[in-house]
Amino acid sequence: MKDKLLFFDTTLRDGEQSPGASLGIREKLEIGRQLARLGVDVIEAGFPIASPGDFEAVKLIAREVKGLVIAGLARAIPKDIDRAAEALKYARQPRIHVFLATSRIHMKYKLHKVESEILKQSVAAVKYAKKYVKNIEFSAEDAARTDPGFLSQVVAAVIKAGATTVNIPDTVGYSMPREFGGLIRWLKENTPGINDIVLSVHCHNDLGLGVSNSLAAISNGARQVECTVNGIGERAGNASLEEVAMAVVTRKDIFRLGINIDTRQIIKTSRLVSRLTGIPVQPNKAIVGENAFAHEAGIHQDGILKKRSTYEIMRPEDVGLKESKLVLGKHSGRHAFKERLKALGHKLTEDEMNKAFIRLKVLADRKKTIYDEDLEAIIEEGLSAIPETFQLIYFNVTCGNCTVPTATVQLKKGKKVFEDAASGDGPIDAAYKTIDRITGISGKLIDYNIRSVTGGKDALGEVSARIRGPQGRIVSGRGSSTDIIEASVRAYLNAINKMVHRSKKKKGKKVYTDEQTP
């Protein structure tokens, strides 16, 4: 049987200490239930003495979330331990997590105590907590900056007093991987009783080394890792649960450890925590970032299409994603472009492909995201020019905070000119409704973006609009002008013309004739 690595999740305690990440009781319960589905071994549900809300959250999770250990944090003083015990009384597997600082800087400036007092208080706290529960964890706060000899003395003493898990935190993210791994190895070799308990680590990310230090500690004998979903937490955060888990799973040749984490729940858990805390996940975040399984570089895309393992060391399915993404952009290659067009149902000659690829590169220099509708437009522009069924002749809008916005639009279709007017919720909405009246096509706007192409007060504005037509077809249009309303009108009209052209092309008949009034 493989040696097991336990995951102690502190998203609901240390993670919630991220500025602006305050969670309600029900939100904590929702995350707690998802953490149970994820397969963590311990949930640190909160710090019961900190506030009535924290107490109630720990109490609720202890009652509702089953099948794993529920922990409550407490300082090494009786009132904190009493409060934690009360909050945990409904848990089937309760753990009281007691902590006390052991570094010289904390003892001198924060606690105003000497080593003998810290040693005595640590032992007393563990013994006091033992009156309530059998499962006791002791954390030597700022252990990474503690004198190793004194740290070993404290660890041995709390083990003798009844601690079942001892945590060695790098509280301020100061340590280096070799240094921290060496500390864990030294403690394992020099501390009486340490092989009878679970040795844990809790690494912060102030120097970006939270995961690296955790993995170094695991390699040297730690068998519990304290972490948070998405790596949230105090200051720069904590070791990221998903990164540690996938490192252990991906590099089985190094770690040779079993875990209870269901990695297929990682993406779902990450997105839930991000949504409820309001803390977005950076796009290039390992494992759970939007770009973690996305490839834009042509060489990478070509490799992925030939053999996935050339550029992916993990399968997206293993973390809960359906598939990788081949992002089309200015760095993309012909192979990915050809495969995407094939998926959209286009079969081009070599010459047509070369011309379309050049247009892709030009477009990619102008916009960040290339949609399927853009690819459709590239193909259509290359194979046959999209005719302007409706041409903009004139528009005029009136609006103000005391006026109903109204737009008058004049369009030319063939040799005929049509004019109409409509009101709307703002000048752009009014113009779009007028165009709908003239063309007879009611397009639902599903995406609208505007950006400044140049700088200065006379900047050129570029508008992109995506609309859904009557048959559900989605098309995109673009327009530019120093007048953002004109740019908006041109973008919408461009999309309408694409819709008309595609309908004619696919149905093999004209949707409108020049003789008909649309």
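Mean projected area of the convex hull spanned by the Cα atoms of region 391-507, taken over all viewing directions: 7.8 nm².
Once both labels are positioned 7 Å from their Cα atoms along Cα-to-Cβ, the gap between K412 and L111 label points is 8.5 nm. The mean sequence distance of close C-alpha pairs (under 8 Å, at least 6 residues apart), as a share of the length of region 3-277, puts its relative contact order at 21 percent. Along its three principal directions, the equivalent ellipsoid of region 1-104 from the Cα gyration tensor extends over semi-axes of 20, 17, 15 Å, largest first.
Footprinting exposure proxy ranking of M314, M246, M176, M499, fewest other C-beta atoms within 10 angstrom first, gives M176, M314, M246, M499.
If R0 is 25 Å, the Cβ-Cβ spacing of R275 and K322 corresponds to a FRET efficiency of close to 0.80.
If you count Lys pairs in region 391-507 whose Cα atoms are under 15 Å apart, skipping same-chain pairs closer than 8 places in sequence, the total is 5. The calculated FRET efficiency for D147 paired with I313, based on their beta-carbon distance and R0 = 51 Å, is about 0.80. Applying the criteria of a DSSP loop state and at most 16 other Cβ atoms within 10 Å to the trypsin sites (Lys or Arg not before Pro) of region 54-90 yields K66, K89. Charges were assigned to the Cβ only: +1 to each Lys and Arg, -1 to each Asp and Glu. The resulting dipole of region 1-159 about its Cα centre is roughly 460 debye. Bridges between two residues of region 3-277, per DSSP, are antiparallel at a rate of about 5%. When the chymotrypsin sites (Phe, Trp or Tyr not before Pro) in region 389-450 are filtered for DSSP coil states and for at most 14 other beta-carbon atoms within 10 Å of their beta-carbon, no site remains.
Which pairs, out of K28/K322; K307/K338; K66/K268, put more than 22 Å between their alpha-carbon atoms?
K28/K322
Rule-based calculations on the coordinates, nothing more; no lab input. As the structure is a computational prediction, the values presented were derived from the model and not from experiment. Reconstructed Cβ throughout: ideal geometry from the backbone, glycine too, with neighbour counts over all protein chains shown.
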